[in-house]
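Contents: one structure, followed by commentary.
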Amino acid sequence: MDKKTYDTLVASCKKWRVNYKNIQDREGKLVSIKLFLYGSLDCPLCELFGEKSCRGCPVFEKTKVTSCQDTPYYEIVNEINRFDYSLHIQVTKKLIQETNREIRFLESLIPQGGPEK
């Protein structure tokens, strides 16, 4: 993995850790969508690989499907879409769990030895 991809993957992990921090103790509450960034417009990996139909994205390389299908991300989106709020997200136990799974999934894609030199 080249350095740019590596750094972008690390940034994506960081974004999801912030999302988790913003919801972990708020089960049953509404949070502003400003505190839980999701979607391709808020994804460092999508910024880098979105115009390439995800080709080269570490998530795509793992799953072989576009748009983060077959990852915990889709469970997150499905959970958020269960509720009809435009400016808030309902924090559920499942949302918290799937966000944690997304972090673990993305972290599993980070090469142990760092980027290629």
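Across q = 0.15 Å⁻¹, the range 3-108 modelled as identical point scatterers on its alpha-carbon atoms has Debye log10 I(q)/I(0) values of -0.59, in the order of the q list. Among the chymotrypsin sites (Phe, Trp or Tyr not before Pro) found in the range 62-104, those both in a DSSP coil and sparsely packed, with 16 or fewer other Cβ atoms within 10 Å of their Cβ, are F83, Y85. Within the range 41-117, the GluC sites (Glu not before Pro) that combine a DSSP coil assignment with at most 11 other C-beta atoms in a 10 angstrom radius are E116.
By the count of neighbouring beta-carbon atoms within 10 Å, fewest first, V31, V65 end up ordered V65, V31. What lysines sit close enough to K34 to cross-link, taking a C-alpha to C-alpha distance under 28 Å and skipping anything fewer than 8 places away on the same chain? Hits, sequence-local ones excluded: K4, K14, K15, K21, K52, K93, K94.
Were the residues from K21 through L41 laid out at 0.36 nm apart, the gain over their Cα-Cα distance would be 5.2 nm.
The range 63-114 and the range 20-59 have Cα centres lying 8 Å from one another.
Would you list D84, D7, D2 from fewest to most Cβ contacts within 10 Å?
Fewest-to-most Cβ neighbours within 10 Å comes out as D84, D2, D7.
From its DSSP helices (H runs of at least four residues, each -39,500 (n - 2.57)), the chain gives a residue-normalised ellipticity at 222 nm of -15500 deg cm²/dmol.
Values quoted throughout were computed directly from the atomic coordinates according to the rules given, and no laboratory measurement underlies them. Computed from a predicted model, the values in this text were never measured in an experiment. No Cβ is skipped: glycine too gets one built from the backbone with ideal geometry, and neighbour counts run over all protein chains shown.
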